[in-house]
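Engineer: My questions all concern the structure below.
The values are calculated or read from the model by the stated rules, or taken from the named source; none is laboratory data. These figures come from a predicted structure and were not determined experimentally. Cβ placement follows ideal geometry from the backbone for every residue including glycine, while neighbour counts extend to all protein chains displayed.
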Amino acid sequence: MTDKPIPFSGPMICALLDGRKTQTRRGLKIKGHKGFFQFGQSETSGYDWTFRRADYVWEDYRHNEFLALLPYQIGDRLWAREAHFAYGRWITTGELTKTGKPKRRFERDLARAALFDANSDIVWSRPEAEYGLYKRPGMFMHRADSRLTMTVTDVRVQRLKNIKGHDCIAEGIPAVGRCYGETRDAFANLWNGINGPGAWESNPWVAAYTFITHKQNIDLRGE
């Protein structure tokens, strides 16, 4: 069991807080293989999955061996990274970017906790060099600020379009109409909104993670 950060968009954070989201699908990533391609089910006897490495060499794995190469494992604790408001200021570093512009960095006041709801007028009404609240992307969230912890209970590998209607609901999509088809369409729109136009139609291989959510900072869980 390990503790790892995981990013979520604003709508998915709302679904987690509402208790509607118990699954998340992520584009397939394999530890140690950034440039893999031609992933699929193995035709080699005794193996389940195969892919070609960046150097075009094929690799075959049994199911459990392959799951061990995914970013998140059963039993892992994940702390949610989300957009937030941090107290601090922007300062000029004295260095230049590749285009010759002055580099800046955000200087955070760590004595003040992050906020998740702030008035945008307050955030942007001051010169950047002054201390105040500024909206920050989830990638800059500190572990101590996270308010949601997920414990992974199941991991699957599948094509994106193989998602079922009940899985769409577990992804945080409200049931639409009287049939799962409309709910699935809503999930497809969400996927395109997060990953870009055509992302759903490309039908990539994904890792589907099921989890239990705790509305608590990971370091306050006591596990």
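Engineer: If you check His33, His63, which single one turns out to be out of contact with any helix residue (DSSP H, G or I) (no Cβ under 6 Å at 6 or more places or on another chain) and under 25 Å from Cys168 (Cα atoms)?
Structural biologist: The conditions single out His63.
Engineer: A follow-up question, please. Please indicate, with yes or no, whether at least one residue in region 152-159 is closer than 13 Å to Gln23 by Cβ, at pLDDT 95 or above and touching a Leu at 6+ places or on another chain (Cβ under 8 Å).
Structural biologist: yes
Engineer: State yes or no: is Glu59 surrounded by 11 or more Cβ atoms within 10 Å (Cβ to Cβ) and not aliphatic (A, V, I, L, M)?
Structural biologist: For Glu59, the condition - surrounded by 11 or more Cβ atoms within 10 Å (Cβ to Cβ) and not aliphatic (A, V, I, L, M) - is met.
Engineer: Moving on to the next point. Return the residues of region 27-39 that are at negative phi and loosely packed, with under 15 Cβ neighbours inside 10 Å; say none if nothing qualifies.
Structural biologist: Within region 27-39, Gly27, Lys29, Lys31, Lys34, Gly35, Phe37 qualify.
Engineer: Just to be sure, is Thr92 surrounded by fewer than 11 Cβ atoms within 10 Å (Cβ to Cβ), modelled with pLDDT under 95 and polar (S, T, N, Q)?
Structural biologist: Criteria not met by Thr92.
Engineer: Return the pairs, sorted by first residue and then second, in which the second residue is among the basic types (Lys, Arg), the first residue lies in region 76-94 and is within 11 Å of Leu148 (Cβ to Cβ), the beta carbons are less than 7 Å apart, and the residues are 6+ apart or on different chains.
Structural biologist: These pairs meet every condition: Leu78/Lys4; Trp79/Arg143.
Engineer: List the strands (runs of 3 or more DSSP E) that sit entirely inside region 35-146 and contain at least 2 residues that are in contact with a Pro (Cβ under 7 Å, 6 or more places away or on another chain) and closer than 30 Å to Asp3 by Cα. Don't jump to the end; show me each part of the working.
Structural biologist: Working: elements: 37-41, 49-52, 58-61, 77-81, 84-96, 102-108, 132-136.
Those strands (runs of 3 or more DSSP E) span 77-81.
Engineer: Filter region 54-106 for residues that are charged (D, E, K, R) and within 25 Å of the chain's Cα centre (by Cα) and give the result.
Structural biologist: Just the residues of region 54-106 that are charged (D, E, K, R), to begin with: 55, 59-60, 62, 65, 76-77, 81-82, 89, 95, 98, 101, 103-105.
Of everything in region 54-106, those that are charged (D, E, K, R) and within 25 Å of the chain's Cα centre (by Cα) turn out to be Glu65, Asp76, Arg77, Arg81, Glu82, Arg105.
Engineer: Specify the residue that is modelled with the lowest pLDDT; the eligible residues are those in region 165-203 that are within 17 Å of Gln23 (Cα to Cα) and assigned to a loop (DSSP other than H, G, I, E, B).
Structural biologist: Ala175
Engineer: For the condition surrounded by 10 or more Cβ atoms within 10 Å (Cβ to Cβ), on the phi < 0 side of the Ramachandran plot, touching a residue at least 12 places away in the same chain (Cβ under 8 Å) and of a type in the set (S, T, N, Q), what is the one hit in Thr24, Thr2? Break it down stepwise before answering.
Structural biologist: On the way: Thr2 fails: surrounded by 10 or more Cβ atoms within 10 Å (Cβ to Cβ).
Answer to the selection: Thr24.
Engineer: Tell me, yes or no, whether region 129-140 has at least one residue that is of a type in the set (A, V, I, L, M) and either within 14 Å of Leu78 (Cα to Cα) or modelled with pLDDT of 95 or more (or both).
Structural biologist: yes
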